[in-house]
Amino acid sequence: MSPLARCHALLLLLAAMDFSRNDREYMTRALALAARGLFTATPNPRVGCVVVRDGEVVGEGWHEAAGLPHAEVNALRQAGARAHGATAYVTLEPCNHHGRTPPCTEALIAAGVARVVAAMRDPNPLVSGQGFARLAAAGIAIDQGLLETEARELNIGFVSRMARKRPWVRMKIAASLDGRTALANGQSQWITSQAARDDGHRWRARACALLTGIGTLREDDPQLNVRALQTPRQPLKVLIDSRLEAAPEAKLFRSGRTLVFAGGSYPAKSAVLAALGVEVVVLPNAGGKVELPQMLEELARRGVNELHVEAGSKLNGSLLREGCVDELLIYLAPMLIGDAGQGMFHLPEVTALSAASRLAIVELTTIGDDVRIRARRQD
């Protein structure tokens with residue numbers, strides 16, 4: 001952990017000491033409500049709100065989808081007149097600007113709320129600090145920082161898009177214990193268990209977009225959608241196809257929204273894809289392939305908070321080399337395939353351990369017969 005990160009963690013710890021057990025209980029409930037928007041709130045943040053008066057919960061709400069009322073408004077509607085003099089626990093700083101919906105600050109003020117406890121400041125420049133300032137100017141007591149780490153984790157993609165102008169990129173890989181994703185002949189169905197595959201679909205469902213490459217499209221012809229669970233929203237499908245070599249009959253193009261990034265202009269091929277309802281964006285790098293960091297910026301501009309990658313070793317390696325991956329989601333099956341099998345990443349040789357990429361394991365758990373590892377870059 002960097003000195004800056006340690007300092008931030010210490011500040012969070014000191015701030016948390018100012019909150020009561022009841023405060024933590026109500027914010028924990030607000031976070032649970034926010035998680036109900038895990039699959040649907042995008043491109044907005046996942047937000048929950050609990051309104052409490054005289055030790056009693058009088059209103060609850062969460063943000064379900066863009067264009068629908070925010071969590072605070074839903075909770076205040078349920079509370080009605082009982083919101084007057086109450087405390088509102090909200091997982092994110094209330095907004096103070098007109099977007100698709102009116103400002104939540106004005107709703108809180110109009111309801112007569114006496115105190116607002118927020119888990120974190122909104123990273124959106126349109127909001128950051130302004131919501132707190134508006135509430136304070138109206139005489140409402142403000143406390144922030146309660147369970148901030150949990151709130152940030154829930155909205156890790158939204159924070160990334162606001163602060164870095166790029167999505168949070170999560171790369172999913174299924175492999176054997178010796179790190180092989182397929183046999184030498186390309187066979188890979190199925191290395192991991194059904195439970196692990198279902199779990200992978202839950203991670204797909206929370207993402208705003210799913211990305212793969214032309215190599216995977218040729219080998220597996222994936223549908224690249226969510227099938228293992230019911231979801232009201234299918235993520236955007238994204239294909240990296242530098243020379244637009246994808247077959248028009250590919251399953252990827254049969255349903256849903258699909259975006260293809262190309263490394264050059266191919267008018268005839270683009271016209272064929274356009275007839276299928278597929279959008280092509282040309283973002284060439286010096287080698288005639290897709291400029292990957294710029295692709296992330298373009299996806300962020302389109303409101304993508306979390307990008308879920310399921311690709312082959314070459315594209316995986318390219319994304320890693322260019323610093324485009326934030327998190328690895330790896331499922332390891334209890335089997336050995338051997339040296340002839342296909343690897344996870346195509347990366348250049350490292351001649352000294354000091355030059356190796358270091359990761360931090362943030363989660364290690366079993367899913368069915370397999371092990372799931374989540375590891376993140378150490379910046």
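For the residues 304, 350, the requirement of being in a loop (DSSP other than H, G, I, E, B), crowded, with 19+ Cβ neighbours inside 10 Å and among the aliphatic types (A, V, I, L, M) singles out 304. Scanning region 318-347 for residues that are assigned to a helix (DSSP H, G or I) and buried (at least 18 other Cβ atoms within 10 Å of the Cβ) gives 318, 319, 320. Please go through region 107-126 and pick out each residue that is β-branched (Val, Ile, Thr) and out of contact with any Asp or Glu (no Cβ under 6 Å at 6 or more places or on another chain). The answer is 109, 113, 116. Counting just the residues of region 95-121 that are closer than 20 Å to residue 305 by Cα and modelled with pLDDT of 95 or more, which one comes out surrounded by the fewest Cβ atoms within 10 Å (Cβ to Cβ)? Across region 95-121, the extreme among qualifying residues is 121.
Given the criteria under 30 Å from residue 372 (Cα atoms), open to solvent by less than 10 Å² (accessible area, probe 1.4 Å) and of a type outside the set (A, V, I, L, M, F, W, C), does residue 235 qualify?
Values: under 30 Å from residue 372 (Cα atoms): yes; open to solvent by less than 10 Å² (accessible area, probe 1.4 Å): yes; of a type outside the set (A, V, I, L, M, F, W, C): yes.
For residue 235, the condition - under 30 Å from residue 372 (Cα atoms), open to solvent by less than 10 Å² (accessible area, probe 1.4 Å) and of a type outside the set (A, V, I, L, M, F, W, C) - is met.
Please verify whether residue 176 is more than 23 Å from residue 321 (Cβ to Cβ) and open to solvent by less than 40 Å² (accessible area, probe 1.4 Å), treating the condition exactly as stated. Yes. Does residue 244 satisfy the criteria of being in contact with a Ser or Thr (Cβ under 7 Å, 6 or more places away or on another chain), aliphatic (A, V, I, L, M) and crowded, with 16+ Cβ neighbours inside 10 Å? It is true that residue 244 is in contact with a Ser or Thr (Cβ under 7 Å, 6 or more places away or on another chain), aliphatic (A, V, I, L, M) and crowded, with 16+ Cβ neighbours inside 10 Å. Test residue 372 against the stated conditions and say whether it is within 26 Å of residue 176 (Cα to Cα) and open to solvent by 80 Å² or more (accessible area, probe 1.4 Å). The answer is no for residue 372. Could you list, in sequence order, the residues of region 58-94 that are surrounded by fewer than 24 Cβ atoms within 10 Å (Cβ to Cβ) and part of a loop (DSSP other than H, G, I, E, B)? Listed by number, the residues that qualify are 64, 65, 66, 67, 68, 69, 84, 85. Inspect region 285-296 for any residue being surrounded by fewer than 17 Cβ atoms within 10 Å (Cβ to Cβ), among the basic types (Lys, Arg) and either touching a Gly at 6+ places or on another chain (Cβ under 6 Å) or free of Cβ contacts under 8 Å to residues at least 60 places away in the same chain (or both) and give the result as yes or no. No, because not a single residue in region 285-296 is surrounded by fewer than 17 Cβ atoms within 10 Å (Cβ to Cβ), among the basic types (Lys, Arg) and either touching a Gly at 6+ places or on another chain (Cβ under 6 Å) or free of Cβ contacts under 8 Å to residues at least 60 places away in the same chain (or both).
The values are calculated or read from the model by the stated rules, or taken from the named source; none is laboratory data. Keep in mind it's a predicted model, so treat the numbers as computed, not measured. Neighbour counts run over all protein chains shown; Cβ positions are idealised from the backbone, glycine included. What goes into the accessible areas is simple: the full protein's heavy atoms, side chains included, and nothing from ligands, DNA or RNA. Shrake-Rupley method; radii C 1.70, N 1.55, O 1.52, S 1.80 Å.
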